[in-house]
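S.K.: Handing you a structure now.
The values are calculated or read from the model by the stated rules, or taken from the named source; none is laboratory data. Quick caveat, the model's predicted, so the values are computed rather than measured. Neighbour counts run over all protein chains shown; Cβ positions are idealised from the backbone, glycine included. Only protein heavy atoms, including side chains, enter the accessible area calculation; ligands, DNA and RNA are left aside. Shrake-Rupley method; radii C 1.70, N 1.55, O 1.52, S 1.80 Å.
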Amino acid sequence: MMATRAKKPRRPILKKPSNPSLRDPVGVYCRVRPLSRPDQECCIEVISDTTVQMHPPDGYRIFRNGEYRETQYSFKEVFGTLVVQKKVFDVVAKPLVEDLIRGKNGLLFTYGVTGSGKTHTMTGSPGDGGLLPRCLDMIFNSIGPFQAKRFVFKLDDKNGVDVQCEVDALLERQKRDVMPVPKPTPGKRQIDPEIADMINVQDQCKVEEVDEDNVYCVFVSYIEIYNNYIYDLLEEAPFDPIKPKPPQSKILREDQNHNMYVTGCTEVEVKSTEEAFEVFWRGQKKRRIANTQLNRESSRSHSVFIIKLAQAPLDADGDKVLQEKEQITLSQLSLVDLAGSERTNRTKAEGNRLREAGNINQSLMTLRTCIEVLRENQMYGLNKMVPYRDSKLTHLFKNYFDGEGKVRMIVCVNPKAEDYEESLQVMRFAEMTQEVEVARPVDRPLCGLTPGRRFRNQAFQEELSRKLEMRGGPVDAETEEQSVLETILQNFPPLPACELLDINDDQTLPKLIEVLEKRHKLRQMLIKEFSKAVLTFKTMLQEFDCSVASKENYIKGRLSEKEKTIAGQKTEIERLEKKIKTLEYKIEILEKTATIYEEDKRNLQQELESKSQKLQRQASDKRRLEARFQGMVAETTMKWEKECERRVAAKQLEMQNKLWVKDEKLKQLKAIVTEPKSDKPERPSRERDREKPVQRSVSPSPVPNAPPVRLRHRRSRSAGERWVDHKPPSNLPTETVMQPHVPHAITVAAASEKALAKCDKYMLTHQELASDGEIETKLIKGDVFKTRGGGQAVQFTDIETLKQESPTGRKRRSSPSNPDPPEDAAESEWTDVETRCSVAVEMRAGSALGPGYEHHAQPKRRKP
Ligand code: ADP
Ligand code: MG
């Protein structure tokens with residue numbers, strides 16, 4: 001049992017998977033030793049506090065066809081070649097020692113190739129102690145004054161610990177002292193200078209906050225695992241130099257708390273660093289002797305130094321150890337210097353050696369496998385069996401991985417090129433180990449007694465001895481006790497032989513009587529002395545009582561004083577508390593008001609927001625309506641304006657025409673009335689007129705005296721003719737593409753006699769509103785001839801009608817292959833439609849037939 005109390009059976013991987021926060025990964029550190037010679041090729045570099053980089057050496061590169069790959073490995077911390085032992089101890093081992101003193105288990109091992117610095121790190125060298133002497137030093141620095149007397153704690157053979165009272169311990173001490181077994185010599189001794197050099201770590205390192213109300217006791221054991229056998233290096237066997245007996249191998253057992261222990265292993269109680277290290281050194285020497293005598297390869301054995309720490313609370317008086325087995329805590333720290341991790345073929349192992357080497361490798365292989373399986377189980381939630389039992393090494397440490405405790409490993413590497421491949425293996429194993437988690441040990445429960453017991457008891461003892469000293473009493477109770485006992489025994493006269501062999505023997509009895517009387521007297525004397533001493537002690541006690549009483553009184557006085565001040569302070573505190581309360585109340589009210597105001601503010605803000613939103617919406621609605629309305633108004637207005645204009649124009653035209661027609665009629669009437677009958681020009685007969693249009697389309701036959709019968713022309717082009725182009729100013733622009741073009745024309749706005757006198761052709765442009773609402777333009781053409789009265793008359797012969805239409809679904813007939821359509825086709829596309837009709841009418845005055853007029857000169861000017 002590692003810790004007798006509070007360390008119940010543990011199967012953490014199966015039992016505690018739900019609490020991963022209480023698990024810590026195995027702490028893996030890397031230490032790089034310096035090269036032996038500066039000219040050696042180096043293949044490992046420390047690139048940061050936590051990372052090393054490995055690069056293949058030159059030869060290796062050639063071997064691998066120049067393939068060059070650097071690899072980096074990260075650890076909790078990396079110690080470079082210049083890092084000193086103390087630093088390694090502070091970082092790696094110190095927390096383990098602290099845990100040990102707090103009743104928790106720990107395991108620290110060094111791993112690496114032979115020559116990589118494992119032993120240097122663990123044990124160190126004279127003047128440069130390693131982790132082991134430093135751990136011991138720290139332990140004794142911490143618990144030194146609180147150690148139990150020898151044999152108060154007793155380890156049993158089931159990995160447990162017992163406690164006994166100091167008197168029993170004393171008796172056992174005396175019993176062992178007379179036995180011929182070599183014992184650790186107490187008191188000041190001559191230490192081996194080599195050991196002194198090793199443990200002289202010059203480091204007053206100690207654990208802060210050691211429980212001073214506990215009593216501590218350290219036990220050490222040292223074993224070696226070689227060829228899968230466990231040897232006790234501290235076993236005291238009579239050594240025969242002639243025929244050395246091979247050491248007996250030990251077996252492993254599991255205690256009731258599932259911790260493994262070596263049965264029958266020597267466990268030495270040690271009281272100081274020197275003593276502990278001496279024990280270690282003894283084992284170390286034995287190991288060396290065995291190696292040489294049994295022709296062993298020392299680098300192929302694992303050495304395990306176990307430090308056990310038992311601790312139990314002091315009783316309520318703070319004087320003696322509490323005699324309760326359940327109250328004892330036993331924790332242990334195992335320091336392991338593993339065998340070289342190199343593969344067997346590296347050393348020239350042969351025959352028996354090879355078999356041994358294979359086995360050693362086997363235990364490291366098992367360690368590797370166990371770590372691998374553990375890692376897999378933890379990573380993937382598997383429940384594979386971890387093969388701890390396959391080797392003694394892994395079996396011994398089973399509960400560190402399966403149970404709880406802190407596990408730390410220092411990976412040692414030699415950066416030399418020859419070790420490259422082996423170092424690679426070491427690094428890979430180390431990286432994998434970091435991924436394994438171990439359950440964090442729980443804190444041991446407190447014993448329930450008042451703390452500070454030891455200190456109070458010490459104060460009392462000091463006071464007592466001071467008083468005794470003042471009276472010339474004993475200073476050191478224990479030595480005094482022994483010396484008194486010795487004097488008494490010396491003073492007691494030995495009893496003479498009291499066997500009566502002769503009936504007449506009158507000497508033996510008187511002698512006996514004399515001696516007995518002497519003894520009686522002595523006894524009486526001693527009783528007197530004793531009663532005297534008792535009396536003195538009584539008076540002393542009374543005095544002590546008195547002083548205690550006076551001190552008590554004094555203390556009481558001080559106490560009442562203090563109480564008064566405390567009472568004053570209390571009232572002050574009460575007052576302040578009241579004040580605080582009122583202030584708090586005020587704050588509360590203010591806070592409430594503030595919340596109300598804030599609430600109001602929020603509501604108002606919300607209202608404001610919603611109102612402004614509504615307003616915005618309304619404004620935008622209004623804008624939209626306005627726009628729509630304006631658009632509508634503008635449209636209607638425009639439409640109406642246009643309509644009105646058009647109607648006005650049409651009406652005007654109509655009226656003008658009517659007026660003009662009336663004018664013309666009037667003029668003609670006038671002409672008929674004023675003109676003599678003989679002056680009348682010869683007019684074509686009505687019959688002829690009727691026929692003319694038929695002929696006209698065939699060929700133009702200008703007959704000078706005949707009424708002008710004109711061939712239909714799109715535009716008049718006869719060069720000799722002179723035209724009067726009468727365009728009333730009220731006309732609107734036609735916008736037709738084909739505009740009537742009359743060459744040599746005299747354009748007039750109103751009928752003019754002067755113009756008629758000069759011309760022989762007349763054309764009136766007349767506009768009127770057609771039935772479909774469009775404007776229709778008519779070109780009314782006629783011939784001018786002289787009347788007999790010397791005036792001019794116009795005979796209308798031809799009306800050309802121009803009309804504008806809106807395009808309604810008429811498709812262009814031309815195609816891209818025919819970009820130049822014939823004129824007729826193009827013409828038919830025009831939106832402006834020109835309608836023509838030719839008439840040959842002779843208009844006589846008063847005749848209401850047909851659209852023929854005789855246009856007389858002197859037309860009246862009319863306003864449009
Ligand atoms: P291992 O135990 O791994 O086989 P050792 O601890 O015996 O290796 O070291 C081999 C040699 O290297 C020893 O002489 C040791 O003094 C030296 N050495 C190892 N580590 C260091 C170091 N960090 N600093 C100085 N010397 C070292
Ligand atoms: Mg070594």
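S.K.: Using modelled backbone amide H atoms (1.01 Å from N, in-plane), which distant-in-sequence or interchain residues come within less than 5 Å of residue 147's amide H?
M.R.: Excluding prolines and chain starts, which carry no amide H, the hits are 216.
S.K.: For a quick check: with amide H placed at 1.01 Å from N, whose amide H comes under 5 Å from residue 28's, ignoring anything fewer than 5 positions away on the same chain?
M.R.: Placed amide hydrogens put 76, 409 under 5 Å from residue 28.
S.K.: Modelling each spin label as a point 7 Å along the Cα-to-Cβ direction, I'd like the residue 465/residue 200 distance in nm, to one decimal.
M.R.: 3.1 nm
S.K.: With only Lys, Arg, Asp and Glu charged, each at its Cβ (+1 for the first two, -1 for the last two), find how big the charge dipole of segment 578-634 is about the Cα centre; round to the nearest 20 debye.
M.R.: 80 debye
S.K.: Now a separate question. Can you pull the one-decimal nm distance between simple spin-label points at residue 570 and residue 511, each 7 Å off the Cα toward Cβ?
M.R.: 8.1 nm
S.K.: Let me ask something else. Hey, could you get me the Stokes-Einstein D for segment 299-342, Kirkwood radius over alpha-carbon pairs, 25 °C and 0.890 mPa s, rounded to whole µm² s⁻¹?
M.R.: After rounding, the answer is 186 µm²/s.
S.K.: Where does segment 545-602 land on Rg/Rh, using Cα atoms and the Kirkwood Rh?
M.R.: When Rh is taken as the Kirkwood radius, the ratio is 1.58.
S.K.: Quick one: which residues, 5 or more positions from residue 112 or on another chain, have an amide H under 5 Å from its amide H? H modelled 1.01 Å from N in the peptide plane, none for Pro or chain starts.
M.R.: Amide H to amide H, under 5 Å and 5 or more residues apart or across chains, residue 112 pairs with 341, 412.
S.K.: Moving to a separate point now. Could you state, as a whole-number percent, how many of the C-alpha pairs of segment 40-154 are farther apart than 25 Å?
M.R.: Pairs farther apart than 25 Å: 42 percent.
S.K.: Taking just the C-alpha trace of segment 369-420, give me its Rg and Dmax in Å.
M.R.: When restricted to Cα atoms, segment 369-420 yields Rg and Dmax of 14.3, 41 Å.
S.K.: If you don't mind, another one. Any chance you could run the full-extension gain for residue 620 through residue 389? It's 0.36 nm times the residue separation minus the Cα-Cα distance, nm to one decimal.
M.R.: Stretched out fully, the residue 620 to residue 389 stretch lengthens by 74.3 nm.
S.K.: Which order do the peptides 430-441, 564-575 take when ranked by the mean count of other beta-carbon atoms within 10 Å per residue, highest first?
M.R.: Sorting 430-441, 564-575 by mean packing, highest first, produces 430-441, 564-575.
S.K.: Could the peptides 399-412, 524-537 be put in order, highest first, of the mean number of other beta-carbon atoms found within 10 Å of their residues?
M.R.: 399-412, 524-537
S.K.: Taking the Cβ of residue 432 as the center, what net charge do the other residues with Cβ under 9 Å away carry, scoring Lys and Arg +1 and Asp and Glu -1?
M.R.: 0
S.K.: Mind ranking 450, 787 by accessible surface for me, highest first, 1.4 Å probe?
M.R.: So, going from the largest accessible area down, we get 450, 787.
S.K.: What residue among 608, 673, 657 has its Cα farthest toward the positive end of the dipole of segment 558-680, where the charges are +1 on Lys, Arg and -1 on Asp, Glu, each on the Cβ?
M.R.: Checking the options against the dipole of segment 558-680, the answer is 673.
S.K.: For segment 488-604, state the semi-axes of the equivalent ellipsoid (square roots of 5 times the eigenvalues of the alpha-carbon gyration tensor), sorted largest first and rounded to whole angstrom.
M.R.: Value: 92, 21, 6 Å, ordered largest first.
S.K.: Still on this structure, I have one more. Can you give me the solvent accessible area of residue 666 with a 1.4 Å probe, rounded to the nearest 10 Å²?
M.R.: The value for residue 666 is about 110 Å².
S.K.: Using the crude model of +1 on Lys and Arg Cβ and -1 on Asp and Glu Cβ, and no other charge, please compute the dipole size for segment 382-455 relative to its Cα centre, in debye to 20.
M.R.: About 680 debye.
S.K.: Could you give the distance between the Cα centres of segment 616-675 and segment 385-439, to the whole Å?
M.R.: Computed from Cα coordinates, the inter-centre distance equals 112 Å.
S.K.: Turning to a different aspect of this structure: Averaging over all projection directions, find the projected area of the Cα convex hull of segment 568-629 and quote it in nm² with one decimal place.
M.R.: Computed as one quarter of the Cα hull surface, the answer is 4.4 nm².
S.K.: If you don't mind, there's one more thing I want to ask. For the pair residue 535/residue 295, report the inter-label distance in nm, with labels modelled 7 Å from Cα in the Cβ direction.
M.R.: Simple spin-label model gives 8.3 nm for this pair.
S.K.: Something else: So what's the net charge close to residue 79: Lys and Arg +1, Asp and Glu -1, counting the other residues with Cβ under 12 Å from its Cβ?
M.R.: +2
S.K.: Continuing with the same structure: Given the pairs 586/611; 118/154; 149/532; 658/803; 285/325, which span a C-alpha to C-alpha distance of over 30 angstrom in this model?
M.R.: Where the Cα-Cα span goes over 30 Å, the pairs concerned are 586/611; 118/154; 149/532; 285/325.
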